[in-house]
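Structure first, then comments.
Please treat every number below as a calculation from the coordinates, not as lab data. As the structure is a computational prediction, the values presented were derived from the model and not from experiment. Cβ atoms come from the backbone with ideal geometry, glycine included; neighbour counts cover every protein chain shown.
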Amino acid sequence: MIRPLLLSLTLSLTAALALPEPVCAQTAAGPVRTASLDAARFATPVAPRRADAPLALSVASNLSRPNLAKSIPLSALLGVGGMIVGYGAGLVVFDCQDEAPRCTSAPDDFEYTLAYAGAALGAATGAHVGGKTRDSKGSFWATVGGAAVGALPILLAPKDDDQTGAYVGTAVGATAGAVLVDYLVRRPR
């Protein structure tokens with residue numbers, strides 16, 4: 001059922017896009033078929049593209065970069081919010097606690113893994129959404145990768161000590177990683 005439909009759509013699209021017969025063009029000497037115009041145009045040597053380079057550079061320089069004034073605070077806010085939600089989900093949903101030897105229904109210290117995931121996804125979302133401009137687009141998954149690398153302190157810190165440094169390092173690292181990668185991979189639409 002689907003194959004005949006796809007086949008008929010493909011054939012219709014191919015017929016619609018097929019090149020029509022050459023049409024006549026009006027020149028000073030009279031009507032000329034476009035095939036002969038194309039042959040004459042392709043026979044003419046093309047000048048080097050150096051004349052196009054300044055235009056290309058000016059167009060590329062006019063494209064706006066990511067909006068860092070929105071990207072950095074939004075990334076930090078959503079990253080910290082994601083870390084809190086992830087840690088809270090570990091405590092409430094999986095019944096994990098720092099003092100307990102194990103989580104009830106998850107691996108040990110799973111709340112830190114959820115806090116890591118929440119911080120990385122939150123910071124990446126904030127950087128990606130905050131950095132959007134009308135004429136550029138970025139890669140969300142590359143931004144998530146940068147935030148995930150920056151959020152590693154919460155996973156690498158010893159779990160028996162005070163976690164304040166790990167929380168601050170994760171918030172700062174995830175924000176910096178997400179904003180930096182979003183800034184570097186954003187390109188024109």
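Pull up all non-local amide H partners of Ser136: gap of 5 or more, or a different chain, and H-to-H distance under 5 Å with H placed in the peptide plane. Under 5 Å from the amide H of Ser136: Arg189. Protection proxy ranking, highest mean first, for peptides 137-150, 117-130, 83-96: 117-130, 137-150, 83-96, where packing is the per-residue count of other beta-carbon atoms within 10 Å, averaged. Computed from the Cα positions only, the extents of the stretch 71-163 along the three principal axes stand at 52, 23, 20 Å, in decreasing order.
Subtracting the Cα-Cα distance from 0.36 nm times the residue separation, let me have the gained length for Ser105 to Phe140 in nm, one decimal.
Details: separation 35, 0.36 × 35 = 12.60 nm, distance 3.15 nm.
Result: 9.5 nm gained on full extension.
Taking amide H atoms as placed 1.01 Å from N in the peptide plane, the amide H of Asp109 lies under 5 Å from those of Cys103, each 5 or more residues away in sequence or on another chain. Relative intensity of the stretch 113-189 on a log10 scale, I(q)/I(0) at q = 0.14, 0.15, 0.24 Å⁻¹, equals -0.42, -0.47, -0.93, per a Debye sum over C-alpha point scatterers of equal strength in the absence of solvent.
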